[in-house]
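Read-outs throughout are calculated quantities, based only on the coordinates presented, and are distinct from any laboratory measurement. As the structure is a prediction and not an experimental result, all values here were calculated from the model. Note: ideal-geometry Cβ built from the backbone for every residue, glycine included; neighbour counts use all protein chains shown.
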């Protein structure tokens, strides 16, 4: 894929994410794609599993916002820096809603082929997210 094609793919995904458009996100992933993510419980394979990962975010955080940052491209690989924020009003991953906000930096690393995401790995502070929304408690120092 060319640099422009990767840029277009990442832009389409970012816009779909910002619009909470699961259908468009799934369409940007190959049929046999994989996502490695704590939200997926490890590794999710296939478009139906991809939809569940994105829906977990959209349902848990109905006001989810995406702030885009740098996009680094190397061949068929890209790393897109973003900041996600929102409020846990829908209950994240089956937990009761807390009404608390969160803000986490995220780097979305993808591999793409034929205009579609074939492998995705989001890097973010999952524990920090759970602490911010109040479902994981830490002892004060």
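Taking the criterion of being over 13 Å from the mean Cα position of the chain (by Cα) and farther than 13 Å from residue 33 by Cβ, the residues of the stretch 104-128 that qualify are 127, 128.
Looking only at the stretch 8-26, residues that are over 12 Å from residue 68 (Cβ atoms) and not in a loop (DSSP other than H, G, I, E, B) come to 9 in all.
Take residue 47 and decide whether it is within 24 Å of residue 86 (Cα to Cα) and surrounded by 15 or more Cβ atoms within 10 Å (Cβ to Cβ). Can you show your working first?
Values: within 24 Å of residue 86 (Cα to Cα): no; surrounded by 15 or more Cβ atoms within 10 Å (Cβ to Cβ): yes.
No; evaluated as a whole, the condition is false for this residue.
Determine whether residue 113 is free of Cβ contacts under 8 Å to residues at least 40 places away in the same chain, surrounded by fewer than 16 Cβ atoms within 10 Å (Cβ to Cβ) and either touching a helix residue (DSSP H, G or I) at 6+ places or on another chain (Cβ under 7 Å) or under 26 Å from residue 6 (Cα atoms) (or both).
Details: free of Cβ contacts under 8 Å to residues at least 40 places away in the same chain: no; surrounded by fewer than 16 Cβ atoms within 10 Å (Cβ to Cβ): yes; either touching a helix residue (DSSP H, G or I) at 6+ places or on another chain (Cβ under 7 Å) or under 26 Å from residue 6 (Cα atoms) (or both): yes.
No.
Going by the conditions given, is residue 80 touching a helix residue (DSSP H, G or I) at 6+ places or on another chain (Cβ under 6 Å), surrounded by 15 or more Cβ atoms within 10 Å (Cβ to Cβ) and closer than 20 Å to residue 25 by Cβ?
Values: touching a helix residue (DSSP H, G or I) at 6+ places or on another chain (Cβ under 6 Å): yes; surrounded by 15 or more Cβ atoms within 10 Å (Cβ to Cβ): yes; closer than 20 Å to residue 25 by Cβ: yes.
So residue 80 passes the test.
Checking each residue in the stretch 83-101 for being buried (at least 16 other Cβ atoms within 10 Å of the Cβ) and farther than 17 Å from residue 20 by Cα picks out 97, 98.
Just one of the numbered conditions (1) in contact (Cβ under 8 Å) with a residue 12 or more places away in the chain; (2) out of contact with any helix residue (DSSP H, G or I) (no Cβ under 6 Å at 6 or more places or on another chain) is not true of residue 16: (2).
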